[in-house]
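Engineer: My questions all concern the structure below.
The values are calculated or read from the model by the stated rules, or taken from the named source; none is laboratory data. Values in this document were obtained by computation on a predicted structure and should not be read as measured data. As a convention, Cβ positions derive from the backbone with ideal geometry for all residues, glycine included, and neighbour counts pool all protein chains shown.
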Amino acid sequence: MLLPDNAPAHCAIRVHQFLAQRGVPVLDHPLYSPDLAPADFFLIPRLKSIMKGAHFADVAAIQERVTAVLHSIPKETFADSFQKLYEHCQQCVVKDCDYFEGQ
């Protein structure tokens with residue numbers, strides 16, 4: 001299953017066709033709910049905190065560091081992010097799909 005956010009690149013018809021051709025089930029993402037995207041509440045903040053203040057010589061060095069950081073995250077931590085996703089979805093239901101952040 002895929003839970004894309006509502007970024008234009010994820011909403012493109014070609015992307016939907018590509019996923020449909022490959023039988024990838026896509027979950028709908030409520031509008032204005034960035035906290036329902038694990039990358040927004042789990043992955044990006046983690047990367048930012050680890051890489052804050054670092055300087056890189058080129059894009060390749062950034063890619064190498066990001067890859068190393070991603071590989072260092074235990075699988076259990078990724079699994080825990082799905083529990084947080086569930087909790088955030090519950091908050092979305094309580095708020096009637098209205099915007100919420102970091103609660």
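Engineer: For the stretch 63-78, which positions are surrounded by 13 or more Cβ atoms within 10 Å (Cβ to Cβ) and part of a loop (DSSP other than H, G, I, E, B)? Steps first, answer last, please.
Structural biologist: From the stretch 63-78, those surrounded by 13 or more Cβ atoms within 10 Å (Cβ to Cβ) are 65-66, 69, 73, 78; that's our starting set.
73 - this is the single residue of the stretch 63-78 that is surrounded by 13 or more Cβ atoms within 10 Å (Cβ to Cβ) and part of a loop (DSSP other than H, G, I, E, B).
Engineer: Restricting to the stretch 1-23, name every residue that is modelled with pLDDT under 90 and assigned to a loop (DSSP other than H, G, I, E, B).
Structural biologist: Of everything in the stretch 1-23, those that are modelled with pLDDT under 90 and assigned to a loop (DSSP other than H, G, I, E, B) turn out to be 1, 3, 4, 5, 6, 7, 12.
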